[in-house]
Structure formats: C-alpha cells, structure tokens
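One structure is given below, encoded as structure tokens.
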Amino acid sequence: MTIALGVLVSGSGSNLQAIMDRVADGSLDADIRLVIANNKDALGLERARLAGLPTAVVLHRDFPAREDFDRELVRLLLAARAEFVALAGFMRILTPEFLIPFAGRVINIHPALLPACPGLRAQGQQRDHGVRLAGCTVHFVDEEMDHGPIIIQAAVPAFPDDDEALLGARILEMEHRIYPQALQWLAQGRVQVSGRQVLVRDASRTMGATWTNPPLETPFDL
Ligand code: GRF
C-alpha cells in the first residue's frame, strides 16, 4: 500500500528531506501529495520544490483565528487527497478544526523521549537537565502538545560536555531514521492504536538489550 501524505513544515525540513529520500530509494511507500509551509522562507519549502513536489504557503498571520488557519490547511490537504499528515518541524498547535477531519492520521516527531521534555527547545531541556539518555519520539497528534500515542522512540547517549547543538545533531540523526520507519509501518497498515498503546504488527522485539550510559562496569555487567 502507498500512504498519501501531506507534510507540514516551518523550518529547515531535514525530516521532510529524510522522508523524500526514503521515498526516492523505495524504502518508504508514500506519495507526498502536498508540502505546506507557514513560513515562506522555510528551507523545507525549497527542498520540496527542488524535489518537484506540490507546495503551498499558508501564513497563519493572514487568518483572524487559529481555527480559520486550520480550516485552510484542511481544505488544501483534502483537495490534494492527502490521507495522512506528517508534521515535520511545524511550529503551530493544531485545533480540533484540523484534528477532527484527520483524526488518528496526524503524526509528529519530537526531539525527546516523551513524555519527558515536551514543548520548545527539547534538546536544550535535556541537556540542561543532565539526562544520560536523550532521544526522539514519533507519535500520533492529539489536542495536547507532544502528547498522543507513541509509535516509535530512539535513544541516544547524552554526555556532560555536550552542548545543545551537538546533542541536537545526535538526536536529529535518529529522527531521520525513525520518522520514515513509522510512516512505512502506517503505509503497510501495521499500526493499531488502543488507548495510549500503539501496536506495530510483526515488529521485532529485543528483550535482552539493556543500554546504559555510561556503560555498566564489572561486576554489574554480568
Ligand atoms: C526536529 O528536531 C523535530 O523533532 C522538531 O523540529 C525539528 C525540525 O527539524 N519537531 P527539521 O525542520 O525537520 O530539520
């Protein structure tokens, strides 16, 4: 199956690029129907144009209320026949005007291991907190920010001498891997949601692996 995808961006669009690259190499069965930016200078928009994808710019400032902006996004996405919507660095909170028509079909990536560190500057929050395992999360979007059911997470080590940029880059590398993977599971129809639990049918389980940072040392790592 192929997933008909709309992608919303506000900035650099490196996750969009990762998605486009995986479509191009055949590992993600997606048809990107439309890329919408709420910022006309978004690099993500340029990336989409370079790839020959349909694009639109919708400036939230042009709309009197969030709901009006959201209705315009929905109108464009439905006209493009997008079935799922991937938020890829989209810096606006969506209202029910958007989430009801696309219920259960809006996905987001967040640069932290949710529910830790939701909201802005998640990389900096993790760094400031001194976490040992940072990471990223792909999740369904609900009306609360960075909150819906989790599809996949990846952990990366955080080191005391990391600055925010270094930690952010380490996280971003994993983002580019897990976002296309989550979308491919959706394309394959393997994702079932039951309350907060997301079941990916036939996903492998590795029960034995325990990863610590710093690594355990003898006699603990028996
Ligand atoms: C990523 O860190 C993503 O997790 C967050 O915003 C950033 C977007 O980066 N939601 P990019 O625009 O995909 O490069």
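The values are calculated or read from the model by the stated rules, or taken from the named source; none is laboratory data. Keep in mind that what you see is a predicted model, and the values were worked out from it rather than measured. With ideal geometry, Cβ positions are generated from the backbone for all residues, glycine too; neighbour counts draw on all protein chains shown. Accessible surface is based on the protein model in full, side chains and every heavy atom, while ligands, DNA and RNA are left aside. Shrake-Rupley method; radii C 1.70, N 1.55, O 1.52, S 1.80 Å.
In segment 97-107, the count of residues that are under 23 Å from GLN192 (Cα atoms) and either within 14 Å of the ligand (Cβ to nearest atom) or polar (S, T, N, Q) (or both) is one or more.
Taking first residues from segment 162-176 that are of a type in the set (A, V, I, L, M, F, W, C) and partners that are open to solvent by 60 Å² or more (accessible area, probe 1.4 Å) and part of a helix (DSSP H, G or I), the Cβ contacts under 7 Å between residues at least 6 apart in sequence or on separate chains come to LEU167/ARG127. Scanning segment 52-91 for residues being open to solvent by 60 Å² or more (accessible area, probe 1.4 Å) and within 16 Å of the ligand (Cβ to nearest atom) gives a total of 2. A Cβ distance below 7 Å, combined with a sequence gap of six or more or placement on separate chains, defines the contacts here; from segment 115-137, residues that are touching a residue at least 12 places away in the same chain (Cβ under 8 Å) and open to solvent by 50 Å² or more (accessible area, probe 1.4 Å) reach residues that are in a strand (DSSP E or B) and small (Gly, Ala, Ser) in the pairs LEU133/ALA155.
Name the pairs: first residue in segment 187-201 and open to solvent by less than 50 Å² (accessible area, probe 1.4 Å), second residue small (Gly, Ala, Ser), Cβ to Cβ under 7 Å, at least 6 apart or on different chains? Once the first residue is open to solvent by less than 50 Å² (accessible area, probe 1.4 Å) and sits in segment 187-201, its partners that are small (Gly, Ala, Ser) give ALA187/ALA30.
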